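This report concerns only the one structure given below.
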Amino acid sequence: MLDLAGVSGASRTDVFAVGYRNGGSGILHYDGSSWSPMTSGTTSALYGVWGTSGTDVFVVGDGGTILHSDGTTWTAMTSGTSAYLRGVWGTSPMDVFAVGASGTIVHYDGTRWTPMTSGTTQVLRGVWGSSRTDVYAVGDNGTVLHYDGATWTATPLEGGTPAVTGAWGASGAAVFVAIPGWNQVRRFDGSTWSTDALGLSVGWLWGVAANDVYGLVNDGSIVRYNGTSWSGVVGGLGGDLRGMGGTSDGDVFVAGIN
């Protein structure tokens with residue numbers, strides 16, 4: 001059985017989960033009724049998945065691995081890096097960002113992947129944006145980077161340097177980042193960062209809107225933000241939850257390690 005590290009839903013009948021186990025890797029596909037393994041063509045551990053539809057999906061992993069699916073076949077892409085990659089996100093199939101070890105950020109323009117200058121050597125664990133000129137990458141030692149379409153700039157977090165493991169937003173004026181070591185989620189309203197002290201170690205985020213955001217807790221529970229406060233949704237799921245995605249607040253998937 002795979003240890004799953006990421007999940008992404010293109011639609012209710014097209015959900016993908018990626019992971020690793022015993023030196024190998026795997027990709028699972030959900031068609032609305034059941035999960036089935038897919039032939040990936042790689043044994044590299046896989047950590048992140050993102051796509052715009054069931055026929056245009058990107059997966060990233062160890063050794064600079066990037067795979068692309070046209071809905072039928074997974075094809076290896078030349079990433080331009082050998083660093084392990086943890087997260088992937090884009091605005092379209094012609095504007096995709098992947099992030100990972102040693103401050104690695106690579107960008108896909110629809111033709112090729114090109115390394116970008118991040119200005120950090122920290123491990124980057126997540127990436128999200130509201131547009132091609134408003135992208136956030138987060139990682140170890142309090143790393144929060146912002147891309148304005150030309151340059152990546154560090155956004156120091158007040159109070160220290162914990163690991164920032166997840167990022168998600170509804171717009172450039174509603175950005176959320178997870179800081180599990182401090183039991184916090186921080187929110188950016190377009191001008192100011194504020195802190196939600198949860199008392200829970202939330203490591204991963206996904207949402208539908210600025211007032212409808214979910215967080216995965218390391219004890220196997222899920223919390224939800226309603227625009228004002230966080231509250232528990234479900235508990236006792238068990239395992240080490242590592243990824244979350246979906247298509248609506250009534251169609252959310254979580255993945256983790258057994």
### Query
Can you name the residue in the stretch 119-139 that is farther than 15 Å from residue 96 by Cα and touching a residue at least 24 places away in the same chain (Cβ under 8 Å) and is also surrounded by the fewest Cβ atoms within 10 Å (Cβ to Cβ) among such residues?
119
## Note on the structure
In the stretch 56-77, anything assigned to a strand (DSSP E or B), surrounded by fewer than 22 Cβ atoms within 10 Å (Cβ to Cβ) and β-branched (Val, Ile, Thr) is listed as 75
### Message
When you check residue 248 against the structure, is it of a type outside the set (A, V, I, L, M), open to solvent by 40 Å² or more (accessible area, probe 1.4 Å), under 30 Å from residue 107 (Cα atoms) and under 18 Å from the mean Cα position of the chain (by Cα), yes or no?
### Response
no
### Output for the stretch 140-158, where each listed residue is open to solvent by 60 Å² or more (accessible area, probe 1.4 Å) and either out of contact with any Phe, Trp or Tyr (no Cβ under 8 Å at 6 or more places or on another chain) or at pLDDT 95 or above (or both)
141, 148, 150, 151, 153, 154, 156
### Message
I'd like to check something: does the stretch 102-116 contain any residue that is part of a loop (DSSP other than H, G, I, E, B), open to solvent by less than 40 Å² (accessible area, probe 1.4 Å) and touching a helix residue (DSSP H, G or I) at 6+ places or on another chain (Cβ under 9 Å)?
### Response
yes
### Query
more than 12 Å from residue 183 (Cα to Cα), surrounded by 18 or more Cβ atoms within 10 Å (Cβ to Cβ) and of a type in the set (Gly, Ala, Ser), is that true of residue 221?
yes
### Query
Listed residues 182, 168, 230; which is surrounded by 15 or more Cβ atoms within 10 Å (Cβ to Cβ), free of Cβ contacts under 8 Å to residues at least 40 places away in the same chain and not small (Gly, Ala, Ser)?
182
### Task
Would you mind stating whether residue 99 is within 26 Å of residue 158 (Cβ to Cβ), without any contact (Cβ under 8 Å) to a residue 40 or more places away in the chain and outside any loop (DSSP other than H, G, I, E, B)?
no
### Query
With respect to residue 94, is the statement that it is among the aliphatic types (A, V, I, L, M), more than 21 Å from residue 161 (Cβ to Cβ) and open to solvent by 60 Å² or more (accessible area, probe 1.4 Å) true?
yes
### Message
Take residue 80 and tell me if it is out of contact with any Leu (no Cβ under 6 Å at 6 or more places or on another chain) and assigned to a loop (DSSP other than H, G, I, E, B).
### Response
yes
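The values are calculated or read from the model by the stated rules, or taken from the named source; none is laboratory data. If you're wondering where the values come from, they're calculated on a predicted model, not measured in any experiment. Every residue, glycine among them, receives a Cβ derived from its backbone with ideal geometry; neighbour counts consider all protein chains shown. Ligands, DNA and RNA are excluded from the accessible area calculation, which covers all protein heavy atoms including side chains. Shrake-Rupley method; radii C 1.70, N 1.55, O 1.52, S 1.80 Å.
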